[in-house]
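Asks: Take this structure, written in structure tokens, and hold onto it; I'll ask about it next.
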Amino acid sequence: MNRVISRKPSAAFVGASWGALLLGATAFLIGLWNADMLLNEKGYYLTLLLYGLFAAVSVQKSVRDRMEGIPVTGLYYGLAWFSMVGALLLLFVGLWNAQLMLSEKGFYGMAFALSLFGAIAVQKNTRDSAGRDYED
């Protein structure tokens with residue numbers, strides 16, 4: 001008896017993934033908009049959010065490609081991980097040195113983390129939705 005196993009994500013997981021990405025990024029951006037910072041500081045954090053989202057998607061894609069036997073150069077794989085660690089390190093250093101209350105620092109850190117998680121999950125769902133079903 002052959003059963004077709006679907007590897008496609010459920011609608012609930014797709015919705016939760018998009019929700020996490022939008023909630024995290026929107027909260028981070030609203031926090032920046034309302035923050036009492038110089039414009040160059042706001043630009044720094046905005047750039048880190050964009051860089052972090054791109055790096056997270058790149059890491060997810062390159063790790064998944066390698067798991068599925070799709071060739072990924074060592075250079076790209078290393079750059080993806082370096083970018084991810086770099087974005088997190090730059091956020092940590094920026095928040096450590098920022099003249100913000102501890103609760104504000106925590107808010108930005110959690111919104112950033114939620115955004116990265118959402119970006120990874122959305123990338124995974126997009127890839128799984130485009131994939132094929134497997135027979136058991």
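Asks: Run down Gly131, Gly69, Gly118 and say which single residue is closer than 21 Å to Phe13 by Cα and at pLDDT below 95. Even if it seems obvious, please write down each step before you answer.
Replies: Values: Gly69 fails: closer than 21 Å to Phe13 by Cα; Gly118 fails: at pLDDT below 95.
Exactly one of Gly131, Gly69, Gly118 is closer than 21 Å to Phe13 by Cα and at pLDDT below 95, namely Gly131.
Asks: Yes or no: Gly78 farther than 25 Å from Ala16 by Cα and loosely packed, with under 15 Cβ neighbours inside 10 Å? Full working, then the answer.
Replies: Values: farther than 25 Å from Ala16 by Cα: yes; loosely packed, with under 15 Cβ neighbours inside 10 Å: yes.
Judged against the criteria, Gly78 is a match.
Asks: Among the residues of region 11-57, count how many are among the acidic types (Asp, Glu) and either at pLDDT 95 or above or in contact with a Gly (Cβ under 9 Å, 6 or more places away or on another chain) (or both). Full working, then the answer.
Replies: Restricting attention to region 11-57, the residues satisfying the condition of being among the acidic types (Asp, Glu) are 36, 41.
Those left that are additionally either at pLDDT 95 or above or in contact with a Gly (Cβ under 9 Å, 6 or more places away or on another chain) (or both): 41.
Summing the residues that are among the acidic types (Asp, Glu) and either at pLDDT 95 or above or in contact with a Gly (Cβ under 9 Å, 6 or more places away or on another chain) (or both) in region 11-57 gives 1.
Asks: For Leu100, all conditions in the list (1) farther than 20 Å from Leu116 by Cα; (2) exposed (fewer than 12 other Cβ atoms within 10 Å of the Cβ) hold save one; what is the number of the exception?
Replies: Single failed check for Leu100: (2).
The values are calculated or read from the model by the stated rules, or taken from the named source; none is laboratory data. Just so it is clear, the model here is predicted, and its values are computed rather than measured. Note that each Cβ is placed from the backbone with ideal geometry, even for glycine, and that neighbours are counted across all protein chains shown.
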